[in-house]
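A short worksheet on the structure shown next.
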2 protein chains.
Amino acid sequence: MKGIIMIIDGMGDRPIEELGYKTPLEAAVTPNMDKMAENGICGIMDPIRPGIRAGSDTSHISILGYDPYEVYSGRGPFEAAGIGVDVLPGDIAFRCNFSSVDDKGIIIDRRAGRIRSGTEEIAHTINSMELEENVQVIFKESTGHRAVLVLRGEGLSDQVSDADPKHEGKTPKKVMALDNSEEAKKTADILNKVVKKSYELLKHHPLNIKRIENGENPANIIIPRGAGAVPNVEPFGEKYGLNPVCIAETGLIKGIATIAGMQLIDIPGATGGTDTNLENIKNGIIETVSRDYDFILINVDGADEAGHDGEMDEKVKFIEKVDVIIGELMKIEDIYFILTADHSTPISIMDHTGDPVPIVITGPGIRVDDVKKFNELSTVKGGLCRIRGNNIMDILMDLMNKSTKFGA
Amino acid sequence: MKGIIMIIDGMGDRPIEELGYKTPLEAAVTPNMDKMAENGICGIMDPIRPGIRAGSDTSHISILGYDPYEVYSGRGPFEAAGIGVDVLPGDIAFRCNFSSVDDKGIIIDRRAGRIRSGTEEIAHTINSMELEENVQVIFKESTGHRAVLVLRGEGLSDQVSDADPKHEGKTPKKVMALDNSEEAKKTADILNKVVKKSYELLKHHPLNIKRIENGENPANIIIPRGAGAVPNVEPFGEKYGLNPVCIAETGLIKGIATIAGMQLIDIPGATGGTDTNLENIKNGIIETVSRDYDFILINVDGADEAGHDGEMDEKVKFIEKVDVIIGELMKIEDIYFILTADHSTPISIMDHTGDPVPIVITGPGIRVDDVKKFNELSTVKGGLCRIRGNNIMDILMDLMNKSTKFGA
């Protein structure tokens, strides 16, 4: 038996007047999800605990059976791992923007003219930066104006402030230690040097000279934010005795899977938006199940995007499109299939909320309840009642008959 | 949006044969509470955890989002704060009786003839008591024969036994240290001196001479019990970023609110009994909501009193009277309104039990479930399922859109 956890990112919602006080999931036509509810055991799930607004990162960490309050200190490490930086426990990672400063050091464009190409070349320049301190600078471009910075060495800390002033017309903020430790002071010093040196290295970079000639803002400085220490987590495969794999669209979720030691499967056309290629995702899942992995984490991100954008119809339609591929995935044999969300992203709030999300589990031996619809309210009456994210792996391992008994 | 938590103290109960195996809340005619259930999301709530018999104090502490196992060491500090003693973290507080001893030191009346007047004058005498040790004695009368004692100074402990022998015909018990610490020994010594000295100061007090002349038992000794250390809690307003206020009837709940740094609103005619002036309480709530507070904790105590007295009809009738004012409170706009109890006080047990209590939340964006009656059993099928006291503030903060996201 194999286990699949499929997470429809941000699918949970609140009743919407225009939908006759239904949620997008209630309003959507989802015969396949409803069939799963009919054949499975349902409930509601708090990713962390009731009322707590989980991020996608902290929720996935919790669902995979780790304690986010222990493991999570910021988004940086997961973003870095997600774009393929080989982070190590103890590394301090930052999200960065390529920005544009004028010759007085004022930020004139936080996104460097929304630069699209050439960042790999610039990143290479920063990546080879040498500091006097015995600290290695690892720097890699992400999509658009985004990049990650990783500091590796002894005596570093994630307790440092952001260099990003969040507004144009200001100089980069001086990075400060957030506690009294030597490590935080050292890290803040290094970060200030990296920002300064990035300008020196980039101001006359051929790519920037060309951008200025073309009337584009140069990517002549890097501005870090969101410090986080790479956690030392027990690899997921060892923790559960599974051979795990992850199919995800966004760097954040890929990064979590990577730090948990899971393999990643790349899906062509997976955009993380509502325009993603669900057909390819479905085929990728079916192909992956046929291989020797016994656990697959799947994250599909479009419903969350629609929620953040407040696009009600888009969210309903995307859920219906996901329902179609679920119809195909239900045909896979010999699996426990868990369908849920990582949090609610209500259209009315346009951000994550602490509302619980529906969950259903299908597979042999399940105590099938009488819930017939998969949505936020109907699943409340299911056999799982109200569980937490960090219960899911224990329940799955038990169903897969891979648990060890605690006691005699 | 503002938040109201209204707690009908001790409202939960168990089925009663004379009520056709209904609980008092099931038997009571409560069209307004039922309307709240119909318009809201329902569930059951364990103040601490399933089966634990919560006090009103520990339950309120939990509902306000503090850990009672950390914060609560006894009732003394909350009673003291509730009658207006300005307690400080680290103070050791005791509940006291004014009692009557004969000249052999035997307690002839634990309640000093249920003394009603003049205790302020006696309390003043005790309050100005000076000890050799560098410890301040703060003493204040409460209602009737009740009073509070607060010891303030370095090196004190709440790990001391009671002086109260609980029965007449005995001498006050020698206070003993309950652990081996120097602090406990010192505190026990001081307490024994305070008891002894209280007799010296009071035996010839003019008020007592007059009482004896009138054939009344003198209030010639104070007998402390229920030691508790005043906890150092993060003020509720800072913890949640709210401007909070409390409307309560009893010193105990007022004391909790005070120690949590909440403002108190005094309601004329609020007795804490079934004879309380609910009309004034209702008007007080409506007036308070119109001011710049954004969180109101309300406690109405009569149902608990009826439960402790085993007065079934009284409990049913009081719940019906509360239902009338809830009808008015439901008309307040732009609020999240949470109605629940702090614990069950079943008629059959005449004390608190660990049975969960019903809870309902109304307000915009709520996932309204199909529960139509507000009582112990019907709410089980609601959208909240079974939550705990310390989930309530997280859920409310999320609904009020004042939560910060944990993660990205």
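The numbers here are math on the coordinates, done by the rules we state, and not lab data. What you see is a predicted model, and the numbers here were worked out from it, not measured in a lab. In this analysis, Cβ positions are derived from the backbone assuming ideal geometry, glycine residues included, and neighbour counts consider all displayed protein chains.
Among the aspartates and glutamates, which fall within straight-line cross-link reach of B:Lys170, defined as a Cα-Cα distance under 13 Å, with same-chain neighbours fewer than 8 residues apart omitted? B:Lys170 reaches B:Asp102, B:Asp103, B:Asp109. Model label points for B:His124 and A:Glu133, set 7 angstrom from Cα along the Cα-to-Cβ axis, are 6.6 nm apart. Scattering from segment B:79-229 was approximated by placing one identical point on each alpha carbon and applying the Debye formula without solvent; log10 I(q)/I(0) at 0.13, 0.14, 0.15 1/Å stands at -0.52, -0.61, -0.70.
Comparing B:Glu305, B:Glu249, B:Glu287 in a Gaussian network model of chain B where C-alpha atoms under 10 Å apart are linked, the largest mean-square fluctuation is found at B:Glu287. Applying 1/(1 + (r/R0)^6) with r as the Cβ-Cβ distance of B:Glu213 and B:Lys173 and R0 = 30 angstrom yields a FRET efficiency of 0.50.
When only alpha carbons are used to place a centre, segment A:86-152 and segment B:154-171 end up 67 Å from one another. Taking other residues whose beta carbon is less than 11 angstrom from the beta carbon of B:Arg114, and scoring Lys, Arg as +1 and Asp, Glu as -1, yields +2. Charge tally for B:Ile286 (other residues, Cβ to Cβ under 14 Å; Lys, Arg +1; Asp, Glu -1): -1. When the Cα gyration tensor is reduced to axis lengths a ≥ b ≥ c, the ratio a/c is 1.5 or higher for segment A:158-304, and with a/b not above b/c it is classed as oblate. Inter-copy label distances at B:Gly105, shortest first and taken from points set 7 Å along Cα to Cβ: 7.8 nm.
In segment A:79-229, Cα pairs under 8 Å separated by at least six residues give a relative contact order of 32 percent.
Rounded, prolate or oblate: which fits segment B:1-61, taking a ≥ b ≥ c as square roots of the Cα gyration tensor eigenvalues, rounded meaning a/c under 1.5, else prolate when a/b beats b/c? Cα axes put segment B:1-61 in the oblate bin. In chain A, the beta-carbon sitting nearest the axis that superposes A on B belongs to the residue given here with its distance in angstrom, A:Cys385, 3. Measuring from a point 7 Å past the Cα of B:Val324 along Cα-to-C-beta, which residues in segment B:2-37 have an amide N at less than 14 Å? Answer for this model: B:29-32. Candidate membrane-span-like segments in chain A, meaning DSSP H helices with Cα atoms spread over at least 27 Å of their own axis and a Kyte-Doolittle mean of -1.0 or above, are A:182-202, with no membrane implied.
Sorted shortest first, the separations between the B:Met330 label point and its copies elsewhere in the assembly read 3.9 nm; each point sits 7 Å from Cα along the Cα-to-Cβ line. Given the options B:Ala341, B:Ala163, B:Ala81, state which has the largest fluctuation in a GNM of chain B using a 10 Å cut-off (strictly under) for Cα springs. Comparing B:Ala341, B:Ala163, B:Ala81 in a Gaussian network model of chain B, the most mobile one is B:Ala163. Taking other Cβ atoms within 10 Å as a rough exposure proxy, A:Ser378, A:Ser403 sort from fewest to most as A:Ser403, A:Ser378.
A label point on B:Glu132, set 7 Å along the Cα-to-Cβ line, lies at 6.4 nm from each of its counterparts in the other copies, closest listed first. For the protein assembly as shown, the share of DSSP beta bridges that are antiparallel, to the nearest 5, is 60%. Mean separation of Cα pairs under 8 Å and 6 or more residues apart, divided by the residue count, gives segment B:223-339 a relative contact order of 24 percent. Anything over 27 Å Cα to Cα? Flag those among A:Lys203/B:Lys405; A:Lys166/B:Lys402; A:Lys196/B:Lys405; B:Lys166/B:Lys203; A:Lys166/A:Lys193; B:Lys282/B:Lys372, in the order listed. Violating the 27 Å limit, Cα to Cα: A:Lys203/B:Lys405; A:Lys196/B:Lys405. When the trypsin sites (Lys or Arg not before Pro) in segment A:348-385 are filtered for DSSP coil states and for at most 10 other beta-carbon atoms within 10 Å of their beta-carbon, the remaining sites are A:Arg367. Taking a ≥ b ≥ c as the square roots of the eigenvalues of the Cα gyration tensor, the protein assembly as shown is prolate, since a/c reaches 1.5 or more and a/b is larger than b/c. Computed from the C-beta positions of B:Arg291 and A:Lys372, the FRET efficiency with R₀ = 56 Å rounds to 0.70. Across the cross-link table entries B:Lys104/B:Lys173; B:Lys185/B:Lys254; A:Lys22/B:Lys381, which are compared at the Cα atoms, the separations over 23 Å belong to B:Lys185/B:Lys254.
Spatial offset of segment B:40-80 relative to segment A:251-290 amounts to 45 Å, using the alpha carbon center of each. Of the trypsin sites (Lys or Arg not before Pro) in segment A:24-123, the ones in a loop by DSSP (not H, G, I, E or B) with at most 12 other beta carbons within 10 Å are A:Lys104, A:Arg116. Distance between the pseudo-spin-label points of B:Glu333 and B:His204 (7 Å out from Cα toward the beta carbon): 7.0 nm.
Using the Cβ-Cβ distance between A:Asp102 and B:Asp67 with R0 set to 51 Å, the FRET efficiency works out to roughly 0.45. Each label was represented as a point 7 Å from its Cα along the Cα-to-Cβ direction; for B:Ser161 and A:Lys166 these points are 5.9 nm apart. Please state the relative contact order of chain A as a whole percent: Cα pairs under 8 Å, 6+ residues apart? Computed over chain A, the figure is 33 percent. Of the residues A:Leu278, A:Leu242, A:Leu131, the one that moves most in a GNM of chain A with alpha-carbon contacts below 10 Å is A:Leu131.
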